[in-house]
Amino acid sequence: MLDIKNIRENLEEVKTRLDRRGKGTSQALEELLRQEEERRRSLGEVEALKSTKKKISQEVGKLKQAGNDAAGKMAEVKALNADIKDLDENIRNCENKISEIILGIPNLPDDSIPDGDDESANQLVREWGVKPEFPFTPKTHLELGENLDLLDFKRAAKISGSRFVVFKGAGAQLLRALINFMIDVQTRENGYQELYPPFLVNRDSMIGTGQLPKFEEDIFKLRDDPLYLIPTAEVPLTNFHRDEVLKEESLPIRYTAYTPCFRREAGSYGKDTVGLIRQHQFDKVEMVKFVHPEESPTELESLVGNAESILKKLNLHYRVVVLCVGDLGFSAAKTYDLEVWIPSQNTYREISSCSNFTDYQARRAKIRFKKEGGKPAFVHTLNGSGLAAGRLFVAILENFQQEDGTISIPEVLQPYMHGRKMIDREQG
């Protein structure tokens, strides 16, 4: 969340930056400051009344000790108690309104990102690799997966409904190989510590990373317990240090984790309803960093490089784009998307988003670090997909397909596939 002190002291600047996200985005700021002013006024009044009450209570004690009538003074104390109660209730109401308003305000976009209303204004940063050329019409991952008996959407629909899939045989093996390969690269080469977190989290965790309250309709919630299925491992990894003060010398802290992810995709009906691109349940390797505020821009570039390393090792053609303000996520200040080439669609599809959240999540989750000789300050948090396993599965099938419908397995994956070099129908 944003810093109320910064809003109060730099209101016009904050308004201008917020309104880059869309006209009127900053409208809540005025009400936020009004509630904050009311809270501060009530606090001042209640402290004055409590001070007066203390003095009168002392007078009551002296009167009683001297055997004099204290009824008048006691009536004053009773009246003060009623006023204090009313003010305390007003303070609580203001605090609740402040919390509701500020949790609904997005992060300030970084000055370096482009303006624009939607993804059409995103800017290309770089491309890597060469688009594969086929002497035949490339098949879709759906055709390849079903022809090779790697994917079963019909039985998944019978088990769970639409937007689910069962990976079978070599398909399940390939998915697992991709996950293990990505975890090994991030831990052995890129300096991340692996965690295996819970897939169910509480409401405070979802608030801490910004999924709640804004995106409640996109999240799966348990009926009988106050728990949510994670939409991404970003949630448990970031909240691993919630309500903690970290040592400055421990920064940067880097975590990675594989988890399944669960999303309702409530706002995406009609988009990618067939195939693996947009599922209610999918697998992902996530990277999260806790860094010194001065280092977060550099650490973001490093994070993008860590995600790119997977695509480079697999020799997959991709591009990196920086998102414009209109395509920027709610909690992010700056985001790069990695988009991998999908031959059957003749286009690029997002396979990783790498974001700098500055101190936005840290304020919500109360994650600070102790400066030497100074007061605790909020860390900056970053996260990125390293990568989305289902979409990577799609890219492997489509980019390494052969004319006879078989799949050539990239060399770096072969040790994870027990030396297997090819996926065909006979081997399954």
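Only one entry in ALA48, ALA70 is buried (at least 16 other Cβ atoms within 10 Å of the Cβ) and either touching a His at 6+ places or on another chain (Cβ under 8 Å) or free of Cβ contacts under 8 Å to residues at least 24 places away in the same chain (or both), namely ALA70.
Taking the stated definitions as given, is LEU200 open to solvent by 60 Å² or more (accessible area, probe 1.4 Å), in contact with a strand residue (DSSP E or B) (Cβ under 9 Å, 6 or more places away or on another chain) and closer than 16 Å to GLN281 by Cα? It is true that LEU200 is open to solvent by 60 Å² or more (accessible area, probe 1.4 Å), in contact with a strand residue (DSSP E or B) (Cβ under 9 Å, 6 or more places away or on another chain) and closer than 16 Å to GLN281 by Cα.
Once region 373-409 is narrowed to residues that are in contact with a helix residue (DSSP H, G or I) (Cβ under 7 Å, 6 or more places away or on another chain) and assigned to a loop (DSSP other than H, G, I, E, B), the residue that is surrounded by the fewest Cβ atoms within 10 Å (Cβ to Cβ) is GLY405. Would you check if ARG126 is open to solvent by 40 Å² or more (accessible area, probe 1.4 Å) and in a helix (DSSP H, G or I)? No: the conditions fail for ARG126.
When region 88-107 is limited to residues that are open to solvent by 20 Å² or more (accessible area, probe 1.4 Å) and among the hydrophobic types (A, V, I, L, M, F, W, C), the one that is farthest from VAL321 (Cα to Cα) turns out to be ILE101.
SER385 - would you say it is in contact with a Ser or Thr (Cβ under 9 Å, 6 or more places away or on another chain) and not charged (D, E, K, R)? Yes, satisfied. Of the set (1) farther than 30 Å from VAL322 by Cβ; (2) surrounded by 17 or more Cβ atoms within 10 Å (Cβ to Cβ), all apply to LYS85 but (2). Residues in region 143-170 that are part of a helix (DSSP H, G or I) and open to solvent by less than 40 Å² (accessible area, probe 1.4 Å): 5 in all.
Quick one: which residue in PRO231, PRO213 is buried (at least 18 other Cβ atoms within 10 Å of the Cβ) and either without any contact (Cβ under 8 Å) to a residue 12 or more places away in the chain or not basic (Lys, Arg) (or both)? Walk me through it before giving the result.
Working: PRO213 fails: buried (at least 18 other Cβ atoms within 10 Å of the Cβ).
After ruling out the rest, the residue left standing is PRO231.
Of the residues making up region 43-81, those that are under 30 Å from CYS94 (Cβ atoms), in contact with a helix residue (DSSP H, G or I) (Cβ under 8 Å, 6 or more places away or on another chain) and of a type in the set (A, V, I, L, M, F, W, C) number 6.
Answer with yes or no whether GLY326 is in contact with a Gly (Cβ under 6 Å, 6 or more places away or on another chain) and either more than 30 Å from GLU248 (Cα to Cα) or buried (at least 24 other Cβ atoms within 10 Å of the Cβ) (or both).
Yes: the conditions hold for GLY326.
Residues that are within 23 Å of PRO226 (Cβ to Cβ), of a type in the set (A, V, I, L, M) and touching a Lys or Arg at 6+ places or on another chain (Cβ under 8 Å) within region 184-216 comprise ILE207, LEU212, listed in sequence order. Taking the conditions (1) under 25 Å from LEU392 (Cβ atoms); (2) surrounded by fewer than 19 Cβ atoms within 10 Å (Cβ to Cβ) in turn, GLY116 satisfies each one other than (1). Scanning region 113-168 for residues that are acidic (Asp, Glu) and on the phi > 0 side of the Ramachandran plot gives a single hit, ASP149. Among the conditions (1) in contact (Cβ under 8 Å) with a residue 40 or more places away in the chain; (2) loosely packed, with under 14 Cβ neighbours inside 10 Å, ALA79 misses just one, which is (1). Within the bounds of region 174-183, is there any residue that is of a type in the set (Phe, Trp, Tyr), in contact with a helix residue (DSSP H, G or I) (Cβ under 7 Å, 6 or more places away or on another chain), surrounded by 20 or more Cβ atoms within 10 Å (Cβ to Cβ) and within 30 Å of GLU146 (Cβ to Cβ)? Scanning region 174-183, I find at least one residue that is of a type in the set (Phe, Trp, Tyr), in contact with a helix residue (DSSP H, G or I) (Cβ under 7 Å, 6 or more places away or on another chain), surrounded by 20 or more Cβ atoms within 10 Å (Cβ to Cβ) and within 30 Å of GLU146 (Cβ to Cβ), so the answer is yes.
Every residue, every condition in (1) over 30 Å from LEU300 (Cα atoms); (2) modelled with pLDDT of 95 or more, yes or no:
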{"residue": "THR25", "(1), (2)": "no, no"}
{"residue": "SER42", "(1), (2)": "yes, yes"}
{"residue": "THR52", "(1), (2)": "yes, yes"}
{"residue": "GLU59", "(1), (2)": "yes, no"}
{"residue": "GLN65", "(1), (2)": "yes, no"}
{"residue": "VAL77", "(1), (2)": "yes, no"}
{"residue": "GLU89", "(1), (2)": "yes, yes"}
{"residue": "GLU95", "(1), (2)": "yes, yes"}
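Counting the residues of region 234-259 that are of a type in the set (Asp, Glu), under 23 Å from ALA333 (Cα atoms) and without any contact (Cβ under 8 Å) to a residue 60 or more places away in the chain gives 0. One residue is enough: does region 7-25 have a residue meeting the conditions open to solvent by 90 Å² or more (accessible area, probe 1.4 Å) and under 27 Å from SER205 (Cα atoms)? No - not one qualifying residue is present in region 7-25.
Of the residues making up region 197-206, those that are under 15 Å from HIS241 (Cβ atoms) and assigned to a helix (DSSP H, G or I) are ASP204, SER205. Hey, can you tell me all the residues within region 278-303 that are part of a helix (DSSP H, G or I), in contact with a Phe, Trp or Tyr (Cβ under 8 Å, 6 or more places away or on another chain) and surrounded by fewer than 21 Cβ atoms within 10 Å (Cβ to Cβ)? Within region 278-303, just PRO293 meets the criteria.
If you go through region 332-344 one residue at a time, do you hit one that is part of a helix (DSSP H, G or I) and crowded, with 16+ Cβ neighbours inside 10 Å? Yes, the conditions are met somewhere in region 332-344.
The values are calculated or read from the model by the stated rules, or taken from the named source; none is laboratory data. What you see is a predicted model; the values in this text were computed from it and never measured. Every residue, glycine among them, receives a Cβ derived from its backbone with ideal geometry; neighbour counts consider all protein chains shown. Just the protein is used for accessible areas: all its heavy atoms, side chains included, with ligands, DNA and RNA removed. Shrake-Rupley method; radii C 1.70, N 1.55, O 1.52, S 1.80 Å.
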